[in-house]
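Engineer: Pasting in a structure now, in structure tokens, and then I'll have a few things to ask.
The values are calculated or read from the model by the stated rules, or taken from the named source; none is laboratory data. Remember, predicted model here, so these are calculated numbers, not experimental data. Using ideal geometry, Cβ is built from the backbone for each residue, glycine included, and neighbour counts are taken over all protein chains shown. To get the accessible areas, we keep the full protein, side chains included, count just its heavy atoms, and leave off ligands, DNA and RNA. Shrake-Rupley method; radii C 1.70, N 1.55, O 1.52, S 1.80 Å.
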Amino acid sequence: MALTPDVVMSDLLKTSKAPEIFSITGLPDVDFKPNGEQAPDGRPLYQVELLGLDIFRPHALETESIHAENLPCWMLDTDYNGMVFMARQVFFPKTSAWDNLQKSLKARFDASVWDHLAGTRSEPFVVGTHRRVAIKVIDERGNELMVVREATA
């Protein structure tokens, strides 16, 4: 568990039962595997499916599972170097903002565009030179939780 900055600001913050000094910890649950297809250069294509997120709530000493469709955002780095996360694909499963966005853009898009952006399955991709991917999930409170997977074959 990690301490939050409010620990060092004790007299500057309001005191109530709501603030917690421990952060939520968790791990995204993903399925990462080759999808059976090949890129034009013959390299295998992979896909990631976000299944959900398991988080530990220290105040209750419980683990909670959240289904992928109920998460605000998840991102995929298809060539994670172990130091810097670069979002190469981004998805927003839990949102009803697509109609508003379409109106703001003053355009109409095929429904499949919005279905894909709200999806839990990535586009097929070639794994980068580092041979690993990172999947970062942002939960309802803005916590960023990440898992790294090595590519096989």
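Engineer: Within the set of other residues whose C-beta is less than 14 Å from the C-beta of residue 71, count the net charge using Lys and Arg as +1 and Asp and Glu as -1.
Structural biologist: That sum, taken over residues with Cβ under 14 Å, equals -4.
Engineer: Now a separate question. Rounded to the nearest 10 Å², what accessible area does residue 104 have for a 1.4 Å probe in the complete protein model?
Structural biologist: 90
Engineer: Would you please classify the overall shape of the range 81-121 from the alpha carbon gyration tensor, given that a ≥ b ≥ c denote the square roots of the eigenvalues, rounded means a/c under 1.5, and beyond that prolate means a/b larger than b/c while oblate covers the rest?
Structural biologist: Note, shape of the range 81-121 comes out prolate.
Engineer: Rounded, prolate or oblate: pick one for the range 17-150, where a ≥ b ≥ c are the square roots of the eigenvalues of its C-alpha gyration tensor, a/c under 1.5 means rounded, and failing that, prolate if a/b is larger than b/c, else oblate.
Structural biologist: Verdict is oblate for the range 17-150.
Engineer: Additional query: Checking the a/c ratio against 1.5 first, then a/b against b/c, what shape does the Cα gyration tensor give for the range 97-142?
Structural biologist: Verdict is oblate for the range 97-142.
Engineer: Moving to a separate point now. With Cβ to Cβ distances under 10 Å as the rule, what net charge do the other residues near residue 137 carry (K, R +1; D, E -1)?
Structural biologist: -2
Engineer: Taking K and R as +1 and D and E as -1, what net charge do the other residues with C-beta under 10 Å from the C-beta of residue 150 add up to?
Structural biologist: Local charge sum for residue 150: +3.
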